[in-house]
Amino acid sequence: MLRAARAIAAAAALAIAAGAHAGYPERPITLVVPYAPGGAADALARLLAQHMGTRLNASIVVENRPGASGTIGESYVAKAAPDGYTMLYDATPYSINPHLFAEMPYKRTALQPLSLVSLAPNILIVKADSPYKDVQALIAQAKAHPGKINFASGGSGTVQRLASELFRQKLSLDMVHVPYKSGGPAITDVMTGQVDFMFSTVAASSPLVDAGRLRALAISSPQRAPRLPDVPTVAETVIPGYEVYEWNGVFLPTGVPDVVAKKLHDALVQVLQQDDVRKRFNDLGAEPVGSTAEAFAEYLKKEDAKWAEVVQRGNIRLD
């Protein structure tokens, strides 16, 4: 009897909550991107916002709040009202920052995962006429000449750096990191031979590989990428189990009503199933996902543990 009464009460509460938010959304929604305009995350966020807005019959405005490896934008959303009118479109630095910063400007519990949006592997690239014809040749040179091989990245807290560091640690290699202010200049110096190699995004590097200006030695996903089917994976060649992705995902301020979160989640997942959206993601080197909030939370736990170990073992500090 008591159990039945509780079930009825819970159902009534849910119905009341649904009714209270039946008109959602009633005003524009802000999707915060904590990185500068023009990058892959920004491009995908704008595509997602456009199509989600159509499905929700609302305007979703992308707002860039870059700085401090993404923590400025993250902090802004973490402190926003949990009413469903502010969302965060974040990426892998979210999982790296807590291990690089002595203190985070917000509590991680102030953000709740909504969905994993996409996964994009990195490519290990060298200049087009490099003496390294495959990843094994690069490793052999690094072992024969400790401290002489260098690798570039767009900064110490980037996935590019951490992918190379995981590669270095797993193979016990002595190599030198050369940080840049962004990925573009780093790729340029790989092309000219100023730096030996780097891990770079498919979106940024594959056109240069196709044009014969770079050589791709390996890819960081567990399986070969459809975009580069002839490029072997790091896992199949030298490090079994090696896996690095630049992921994108959407978060909400913790406490958004369930009925509102469900509306946003359903719209997001439906958008990621559209053929035109999937094609655009694939063109940018990303695999669209669309997950449950619970699956995204589990994925984040694994990412957190992986990067915590890499940062600690490598004694990595911000530039």
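Structure values in brief
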{"item": "Ranked packing of 147-155, 82-90, 59-67, 210-218, most packed first, by mean Cβ within 10 Å", "result": "82-90, 147-155, 210-218, 59-67"}
{"item": "Tensor-based shape of region 197-319 (alpha-carbon gyration tensor, a/c under 1.5 rounded, otherwise prolate or oblate)", "result": "oblate"}
{"item": "5 angstrom amide H check on SER115, placed H, neighbours 5+ away", "result": "VAL250"}
{"item": "For the chain, size of Cβ-based charge dipole, Lys and Arg +1, Asp and Glu -1, in debye", "result": "260 debye"}
{"item": "Point-charge dipole on Cβ atoms (K/R +1, D/E -1) for region 121-238, about Cα centre, debye to 20", "result": "100 debye"}
{"item": "Accessible surface of the chain [probe 1.4 Å, protein heavy atoms]: carbon and sulfur percent", "result": "54 percent"}
{"item": "Diffusion coefficient, µm² s⁻¹, Stokes-Einstein with Kirkwood Rh over alpha-carbon pairs of the chain at 4 °C and 1.567 mPa s", "result": "62 µm²/s"}
{"item": "Computed [θ] at 222 nm, deg cm²/dmol, the chain (DSSP H ≥ 4; -39,500 (n - 2.57); rounded to nearest 500)", "result": "-13500 deg cm²/dmol"}
{"item": "Part-to-part distance (alpha-carbon centres) for region 15-88 and region 112-133, which is given in Å", "result": "26 Å"}
{"item": "For region 122-209: rounded, prolate or oblate by the Cα gyration tensor [a/c cutoff 1.5]", "result": "oblate"}
{"item": "Residue-normalised accessible area of the chain, given per residue in Å² at a 1.4 Å probe", "result": "46 Å²"}
{"item": "Surface accessible to a 1.4 Å probe, LYS170 within the full protein complex, Å²", "result": "120 Å²"}
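The values are calculated or read from the model by the stated rules, or taken from the named source; none is laboratory data. What you see is a predicted model; the values in this text were computed from it and never measured. Virtual Cβ from ideal backbone geometry, glycine too; neighbours counted across all protein chains shown. All accessible areas refer to the heavy atoms of the entire protein, side chains included, with ligands and DNA or RNA removed. Shrake-Rupley method; radii C 1.70, N 1.55, O 1.52, S 1.80 Å.
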